[in-house]
């Protein structure tokens, strides 16, 4: 992937993420304000070797807000932008939508929702 396209993917994802975070209710914004959102191209080799799908769109790692102190890893949300663009078939509007959905999905995990809870909220 050329640098210009990667920069564009990051720029759009950053814009979508910032807008989404501003739109969240204040109570949720306070809960997630210290959780970094990190943009990666794709899951790294170590994640794939640990059994994660190489086509994964996002990943929450660390302690969930609902379960503090369970894991020594600080919370972090990873968004895999090349995979999200592939999911969007190269369409920028769909890419924006997928970034938003993926980020909401990972925020849900941070807030303690499991896959069933996310599905109930149309965040699968």
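Here is how the numbers come out for the structure above:
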| read-out | value |
| --- | --- |
| Rounded to 5, the percent of DSSP beta bridges in segment 3-120 classed as antiparallel | 50 |
| Helix-derived mean residue ellipticity, 222 nm - over the chain, DSSP H n ≥ 4, -39500 (n - 2.57), to 500 | -16000 deg cm²/dmol |
| All-pairs Cα distance distribution in the chain, expressed in whole percent, bin size 10 Å | 13, 44, 35, 8, 0 |
| Three-way shape call for segment 1-67 based on the alpha-carbon gyration tensor, with the a/c threshold at 1.5 | oblate |
| Helix axis angle, 92-110 relative to the chain longest principal axis, alpha carbon, degrees | 20 |
| Tilt relative to the chain, helix 3-23 - C-alpha long axis, 0 to 90 degrees, to 10 | 30 |
| Top of 107, 84, 32 by mean-square fluctuation, Gaussian network on the chain, Cα under 10 Å | 32 |
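Coordinate-derived values only; no laboratory data. Values in this document were obtained by computation on a predicted structure and should not be read as measured data.
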